[in-house]
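The values are calculated or read from the model by the stated rules, or taken from the named source; none is laboratory data. Bear in mind the structure is a predicted one, so any value in this text is a computation, not a measurement. Because the Cβ atoms are built from the backbone with ideal geometry, glycine has one as well, and the counts that use them run over all protein chains shown. For accessibility, only protein heavy atoms count, side chains too; no ligands or nucleic acids. Shrake-Rupley method; radii C 1.70, N 1.55, O 1.52, S 1.80 Å.
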Amino acid sequence: MNITIFGTGYVGLVQAAVFAEAGYNVTCVDIDADKVRALRSGQIPIYEPGLERLVRENGTAERLNFTTDASEGIARSSVQFIAVGTPPDEDGSADLKHVLAVANEIATYMEEHRIVVVKSTVPVGTSDKVRATIAEKLKERGREDLTFDVASNPEFLKEGSAVADCTKPDRIVIGTDHADTERVLRELYAPFNRNHEKIIAMDVRSAELTKYAANCMLATKISFMNEMANLAERLEADIEKVRLGIGSDPRIGYHFIYPGVGYGGSCFPKDVRAMIRLAEKNGFEPMVLDAVERRNEQQKHVLFAKIHEYFQGEIAGRTFALWGLAFKPNTNDMREAPSRVLMEALWQAGASVRAYDPEAMDECRRIYGERAALKLCASQEEALEGADALVVVTEWKPFRAPNFEVMKRMLKNQVIFDGRNIYDAAVSARHGLRVVSVGRPQRRKEIQ
Ligand code: NAD
């Protein structure tokens, strides 16, 4: 079976590479000519473990092709995936212009039956819009004889483990109202459905809502834990102990209940906002999601507030070592990253930053360019040189067991602001370093 995928971002490129690895002939279409040129020469624009090898090997085997020519991709495959971006528009709703542009292209060039599969995260009702866009264009072309179907197949991969998630998905949601389309998509996903049944077939609208509901649920867990962490600080309780205490309940579980400096990335923030707007447009007040969003925005400022308090407001002229720029480990993605909120607050207050991230240095340079208040360092140790304090924003593995002796020697003030609670305060204290973390008591109440 031939497959065409529009959009070679985190979703499109990874899914394309994984389909090609399973033996399909995959054509990737992207409007970004520079990206297509780079991909053709084996350069991968994103960091994703395992992806480079898949793209290189399947490219060499000619199972994976890249083009800017939509007509080529539309002619080649009966199944057309839409995996382009759905960024927020001004009011936070998902902007569908890229999705509908692809729908229009497909209708412009198709000459026989096509199944259009929407993989981008889109509001409920988008597949109907895609269907209407295609029908309108076919009418304009005088080709109403051509048949097509539109299905929803949301993607649940996680950046940082995207290849593994696509290779062994924990579920494959197929949203379609037609048995023929379901049969084709079941066949397409059969290589990923061998171990046990993972396909969950449903109607189109339920599939669209499933994706938003999943991300909103995960964002809710994080905001809830951050709310508990902030409260724990005021009550002089330790959120990490609370985390273990509640995670042991199988109804709650240990996953996704880490307190920290808020969620970022290209999905949770925009999907929660899009869900809020979708609810409002449908005359419904999304009380829970409003709170999830507000807590998260506030949480991204928590580290700065702690730094401000520690230095009693005297931040101007100081230098901070910052470990971790990506919104989470194992990615170079800095979209809506908490590190950006922190850096911008520090600059605003007159401080400068010496930053290090194992993968996101180029991305940081692309976003902020060269500036006096930002030094991008070649190693985590180099970032410490001459710094007043260390701030940890992303829990990359190499940050977890650092050389505390070196840290102590290099920092002007022996303090670490730990936005991910990766350090044990007692261990750091033995090395003469104070750790300011999230949701953990700084001092114990005297037992009366
Ligand atoms: P991305 O921004 O990384 O990539 C989108 C790509 O689409 C870009 O390369 C862009 O040039 C291309 N594009 C735009 N218009 C096009 C057109 N008309 N024709 C062809 N290509 C076009 O986006 P992403 O992170 O891969 O996300 C894609 C979708 O999947 C979004 O809806 C997102 O919400 C969803 N999603 C993302 C993730 C994730 O972790 N990133 C996970 C699940 C779902």
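Take the chain, connect every pair of alpha-carbon atoms lying under 10 Å apart with a spring to form a Gaussian network, then pick out the residue of Arg354, Arg400, Arg76 with the largest mean-square fluctuation. So, out of Arg354, Arg400, Arg76, the one fluctuating most is Arg400.
Can you give me the accessible area per residue for the chain, using a 1.4 Å probe, in Å²?
Numbers: 20670 Å² over 448 residues.
Per residue, the chain has 46 Å² of solvent-accessible surface.
Relative contact order for the chain: 12 percent, from Cα pairs under 8 Å spaced at least 6 residues apart, divided by residue count. When the Cα positions of Ser206, Leu235, Ile115 are compared along the charge dipole of the chain, Leu235 comes out farthest toward the positive end, with charges on each C-beta of Lys, Arg, Asp and Glu.
Relative contact order for segment 115-193: 32 percent, from Cα pairs under 8 Å spaced at least 6 residues apart, divided by residue count.
Split the accessible area of segment 300-436 by element, probe 1.4 Å, and carbon with sulfur accounts for 45%.
For Phe327, Phe224, what's the largest-to-smallest order of accessible area, 1.4 Å probe?
Values: Phe327 30, Phe224 105 Å².
Largest accessible area first, the list is Phe224, Phe327.
Scoring 138-146, 115-123, 28-36 by mean Cβ neighbours within 10 Å over their residues and listing the highest first yields 115-123, 28-36, 138-146. Accessible area of segment 212-298 with a 1.4 Å probe: how many percent of it is carbon plus sulfur? Answer for segment 212-298: carbon and sulfur cover 64 percent of the accessible area.
Spatially, segment 112-164 and segment 288-310 are offset by 37 Å when compared through their Cα centroids. Projecting the Cα atoms of Pro338, Val302, Ile257 onto the dipole axis of segment 241-357, where Lys and Arg carry +1 and Asp and Glu carry -1 at the beta carbon, places Ile257 farthest toward the positive end.
Within the chain, antiparallel bridges make up roughly 5 percent of the DSSP beta bridges whose residues both belong there. Counting only protein chain heavy atoms and rolling a 1.4 Å probe, the accessible areas of Met361, Met225 rank, largest first, as Met361, Met225.
Want the number for Ala190 to Glu136: 0.36 nm per residue separation, take away the alpha-carbon distance, what's left? Provide the component values of the computation, followed by the final result.
Values: separation 54, 0.36 × 54 = 19.44 nm, distance 3.34 nm.
Extending this stretch completely gives an extra 16.1 nm.
When the helices of the chain are scored as -39500 (n - 2.57) per DSSP H run of n ≥ 4 and the total is divided over every residue, the value at 222 nm lands at -13000 deg cm²/dmol. Normalised by the number of residues in segment 212-298, the mean separation of alpha-carbon contacts (under 8 Å, six or more apart) gives a relative contact order of 40 percent. Remark: the Ala101-Arg434 segment gains 114.5 nm on full extension, using 0.36 nm per residue and subtracting the alpha carbon distance.
At an R0 of 60 angstrom, the distance between the Cβ atoms of Asp34 and Gln442 translates into a FRET efficiency of 0.75.
Could you order Thr86, Thr60 by accessible surface area, starting with the largest, using a probe radius of 1.4 Å? Provide the component values of the computation, followed by the final result.
Details: Thr86 10, Thr60 110 Å².
Ranked from most to least accessible, the order is Thr60, Thr86.
For segment 2-201, take the convex hull of the Cα atoms, compute a quarter of its surface area, and give me that in nm², please. Show your work: numbers first, answer last.
Working: hull surface 44.1 nm².
For segment 2-201, averaging the hull's shadow over all directions gives 11.0 nm².
If you roll a 1.4 angstrom probe over the protein chains with everything in place, what fraction of the accessible area of segment 18-76 belongs to carbon and sulfur, to the nearest %? Here carbon and sulfur together make up 42 percent of the probe-accessible area.
Modelled spin-label separation between Asp69 and Asp170, with each label point placed 7 Å from Cα along the Cα-to-Cβ direction: 4.2 nm.
Within the listed set Pro259, Pro191, Pro338, the Gaussian network model of the chain (springs between alpha-carbon atoms below 10 Å) gives the highest mean-square fluctuation for Pro191. Modelled spin-label separation between Gln43 and Glu382, with each label point placed 7 Å from Cα along the Cα-to-Cβ direction: 2.1 nm.
What FRET efficiency comes out for the pair Ile200/Ala401, r = Cβ-Cβ distance, R0 = 45 Å, nearest 0.05?
E between Ile200 and Ala401, to the nearest 0.05, is 0.65.
Suppose every Lys and Arg Cβ carries +1 and every Asp and Glu Cβ carries -1, with no other charges. What dipole size does the chain come out with about its Cα centre, to the nearest 20 debye?
Dipole about the Cα centre, nearest 20: 1280 debye.
Estimated from the Cβ-Cβ distance and a Förster radius of 22 angstrom, the FRET efficiency linking Glu62 and Glu112 is about 0.40.
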